[in-house]
Amino acid sequence: MMLEPGIEEKTFYLNLGPQHPSTHGVLRILLEMDGEFIANSEPVIGYGHRAHEKMAELRTYQQYLPNMGRVDYLHALAYNHGYCLAVERLAGIEVPERAEFIRVITSELNRIASHLLWFGAYLLDLGAFTPFLYCFDDRENVVDILDRVTGSRLTYCYFRFGGVRDDIDDEFIAGCRAFITRLRSRWQDYDDLVTKNVIFINRTRDVGIITPEQALKYGVTGPCLRGSGIPYDIRRSEPYSVYPLFDFEIPIGERGDIMDRYVVRLREMEQSLRIIEQALDKLPNGPIMAEKVPKRLKPAEGEVYAAVESGRGEFGTYIVSKGDTKPYRIKLRVPSFSNLSIISELIKDTLVADMVAILGSLDLVIPEVDR
Amino acid sequence: MVAYFREMFVGLWSLVAGMAVTIRYFVRPIVTVQYPRQKLTMTPKYRGHIELIMDPETNTHRCTACGMCVRTCPSSLITVEGVKVKKKKLPVKHVIDYSYCSLCGLCVEVCPTKALKFSNEYRLAGYQRQDMVIDLMARLDAERATVGLPPLPIPTPESEEETTSAEEKA
């Protein structure tokens, strides 16, 4: 941009990222600064593009399974679930009940792990280091429990069409129950450490308010939408798997600020614990894989959309099949992308420090935005 | 005025309450593991790279070099070459390039003779790419050596024409 001589420059540009630690990935936000305040901003995405959707066209249905652990690596099991659900609906595969229960238990454990990681990393953004260590201590427990059954600690590839890979054992169930008691005893510590902390309250109350209208306009889902007071949760509104069997609440916020989104996530973890507890009590016996799932899956011509509630919001898989062993097209509807699109409107006329707080509160996984 | 001081007091108290949590955990036993000196055992289902199962009865592998794992692998990182010996196919080469592996486990599931399993190996690091290329037959020989058995004899085909690469077939 050329400036004419004699005209004073009013605003200047500031690059946040792509290597900025608070973006948690390679996201670049171009900020037009008016002094300390942000006049305009534009997120620049695509640095972590891995062509996940194109990859699906070149692989068979089974071969695409490991990709789902890598779109959003923090809540990988929900993505496993979403994709398996879509393919099962397309091919008409019935999943045995025990497998569905195992899916719900592991998926909810993974949701807790995802929220705990957000909790720690977000407070790191705000300059608080201690809570990070506490929640990683708890998260380590979840990861260990999941490691025992899925065989990996992060990029899970556990669900299969028609069931799950491995059965859970008594040690897993005992581990889950011990973890539930443990995490419940920690809520008080988290409250003392963070929720009641005056610095945290001052930085998050009435900052980054998403109004319900804004949230709906941008297609924001997940805790960000529920923080704005709209009780929309795929597990309730479009029930999948065995979620209708369980009794759980959908926590919502009132004002839609960062504090509300934070509280919603904390309370959601408690609801996940409740779901796991009920699922462990009701766990039926039986097979974990559907019978007669062909090794070379060839669904009939058609298209299907299946959505699941991931830790960040609605994750949808849209598959178009032309009756081949490979999908014709897969479209992944990722929540982080919609949640990111609201950022320009949210950070207008705020300070850079608040902008970091707002960006973190959306719980973005940047590789998921780019996918 | 009262509200101002009250807010200040509540704020200060919240910091003290947070500090109390830290102090309480300060006197509890530590939870971290001092890694190079202390090591955790991996869970039995831990998925490392794949390896051939040594059959306890015959003390050899069950691989028939059918090439199912080669075809199912999303990253095409498995190379299997087999030869026909007395109408039975045996592998002469079973190599994986672990650096491309995404640990999905499809090869283990698809194997018709259940010849593959996951190893418990997690301390893998190398100075070059070639270090991540793992020869499963050599690993099996090493496992045989631990029970005092010689390396497997390399199967020789009856005639040159019968040598077929599983990759070519696929």
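Coordinate-derived values only; no laboratory data. It should be emphasised that the depicted structure is a prediction, and the values quoted were computed from it without experimental measurement. Note that each Cβ is placed from the backbone with ideal geometry, even for glycine, and that neighbours are counted across all protein chains shown.
Please report, ordered by residue number, every helix of chain A (full DSSP H runs) that is 27 Å or longer along its axis going by C-alpha atoms and whose mean Kyte-Doolittle hydropathy reaches -1.0.
Working: long enough: A:97-125 (42 Å, 0.30); A:130-150 (30 Å, -0.07); A:170-190 (29 Å, -0.55); A:258-282 (36 Å, -0.38).
Helices passing the filter in chain A: A:97-125, A:130-150, A:170-190, A:258-282.
What does the structure give for A:161-167 when I average, per residue, the other chain Cβ atoms found within 10 Å of the residue Cβ? Before the final figure, lay out each step's value.
On the way: counts 0, 0, 0, 0, 6, 2, 0.
The shielding value for this peptide is 1.
What per residue convex hull volume, in Å³, comes out for chain B when only alpha-carbon positions are used? Could the numbers behind the result be given before it?
On the way: hull volume 37.4 nm³, N = 170.
Output value, Cα hull per residue: 220 Å³.
On a 0 to 90 degree scale, rounded to 10, what angle separates helix B:2-26 from the longest Cα axis of chain B?
Taking Cα atoms only, the helix is inclined about 40 degrees.
Quick one: pull the percentage of alpha-carbon pairs in region A:37-117 with a separation above 14 Å. If you can, show how the numbers build up before the last one.
Values: 2328 of 3240 pairs.
That fraction is 72 percent.
Order by neighbour count: A:Ser344, A:Ser107, A:Ser338, A:Ser22, fewest other Cβ atoms within 10 Å first, most last. Before the final figure, lay out the partial values.
Details: A:Ser344 15, A:Ser107 30, A:Ser338 21, A:Ser22 18.
Going from sparsest to densest Cβ surroundings: A:Ser344, A:Ser22, A:Ser338, A:Ser107.
Is the shape of region A:121-223 best called rounded, prolate or oblate, per the rule: a/c under 1.5 gives rounded, else a/b larger than b/c gives prolate, else oblate, with a ≥ b ≥ c the square roots of the Cα gyration tensor eigenvalues?
Numbers: a/c = 2.68, a/b = 1.47, b/c = 1.83.
In terms of gyration-tensor shape, oblate.
At each listed q (0.14, 0.16, 0.24, 0.27 Å⁻¹), what is the log10 of I(q)/I(0) that the Debye formula gives for region B:103-159 modelled as equal alpha-carbon point scatterers?
-0.60, -0.78, -1.17, -1.17
By count of other Cβ within 10 Å, fewest leading, how are A:Tyr79, B:Tyr127, A:Tyr243 ordered?
Details: A:Tyr79 28, B:Tyr127 6, A:Tyr243 21.
Lowest count first: B:Tyr127, A:Tyr243, A:Tyr79.
Step through the table entries B:Lys93/B:Lys117; A:Lys326/B:Lys89; B:Lys45/B:Lys117; A:Lys282/B:Lys45, compare each Cα-Cα distance with 20 Å, and write down the pairs that go over it.
On the way: B:Lys93/B:Lys117 17 Å; A:Lys326/B:Lys89 30 Å; B:Lys45/B:Lys117 10 Å; A:Lys282/B:Lys45 25 Å.
In this structure, A:Lys326/B:Lys89; A:Lys282/B:Lys45 lie more than 20 Å apart at Cα.
Take every residue in peptide B:100-113, count the Cβ atoms of other chains within 10 Å of its Cβ, and give the average of those counts. Intermediate values should be presented prior to the final figure.
On the way: counts 0, 1, 7, 7, 13, 10, 8, 0, 1, 4, 2, 0, 1, 0.
Average per residue, whole number: 4.
Placing one identical point scatterer on every Cα of the protein assembly as shown and ignoring solvent, what is log10 I(q)/I(0) from the Debye formula at q = 0.08, 0.09 Å⁻¹?
For the protein assembly as shown at q = 0.08, 0.09 Å⁻¹, log10 I(q)/I(0) is -0.61, -0.76.
Starting from the alpha-carbon convex hull of region A:233-371, give the projected area averaged over all orientations, in nm².
On the way: hull surface 45.8 nm².
If you wrap the Cα atoms of region A:233-371 in a convex hull and average its projections, you get 11.4 nm².
Within 10 Å of each Cβ of B:12-24, how many other protein chain Cβ atoms are there on average?
Values: counts 1, 2, 11, 4, 1, 5, 14, 3, 3, 11, 6, 0, 2.
Taking the mean over all residues of the peptide, I get 5.
Out of all Cα-Cα pairs in region A:288-348, roughly what percent, to the nearest whole number, are more than 16 Å apart?
Details: 1137 of 1830 pairs.
Distances greater than 16 Å cover 62 percent of the Cα pairs.
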